Amino acid sequence: TTVNFDPSGSTALTSMGEADIFIHKMSQSSSGIAENNFGEEFKIYPNPNNGDFTIDFGEVFNKVEINITNIPGEEIYNKTLTQTESTNISIKEWPNGVYFVLIQSERKKAVMKLMKE
């Protein structure tokens, strides 16, 4: 039996009778944005980076919390800023790889993928 779960195609899932393998196809934004309601002015750059990057919130916020996690979900950075529009962060001592940056203000939230090379 063949069933394709790709929303843009036909239905296809194949069983050969001995062992079944299922592949889950996930779409991914090329910009690395998982969630962002800060608006178009919000940016993390450069991304990818060599260990130094800037977060530009697009406007001044009274309070912003930044959390950075690694792929397993361990929090490795946490900082709360007040009365700020942007901040520079250095992660040069961290291993190269993919990290997730969660930014929260009183009324807005963004989750971004960050790549250190």
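The values are calculated or read from the model by the stated rules, or taken from the named source; none is laboratory data. No experiment lies behind these values; they were computed from the predicted model shown. Methodologically, a virtual Cβ is constructed for each residue, glycine included, from the backbone with ideal geometry; neighbour enumeration extends over all protein chains shown. The accessibility values were calculated without ligands, DNA or RNA, using every heavy atom of the protein model including side chains. Shrake-Rupley method; radii C 1.70, N 1.55, O 1.52, S 1.80 Å.
The number of residues in segment 49-66 that are without any contact (Cβ under 8 Å) to a residue 60 or more places away in the chain, open to solvent by less than 10 Å² (accessible area, probe 1.4 Å) and either closer than 16 Å to Val111 by Cα or among the basic types (Lys, Arg) (or both) comes to 4. Within segment 29-86, the set of residues being at positive phi and assigned to a loop (DSSP other than H, G, I, E, B) comprises Gly32, Gly39, Gly51, Gly73. Against the list (1) of a type in the set (Gly, Ala, Ser); (2) in a strand (DSSP E or B); (3) free of Cβ contacts under 8 Å to residues at least 60 places away in the same chain, the condition Ala110 fails is (3). Number of residues in segment 81-99 that are open to solvent by 70 Å² or more (accessible area, probe 1.4 Å) and more than 13 Å from Phe53 (Cα to Cα): the value is 6.
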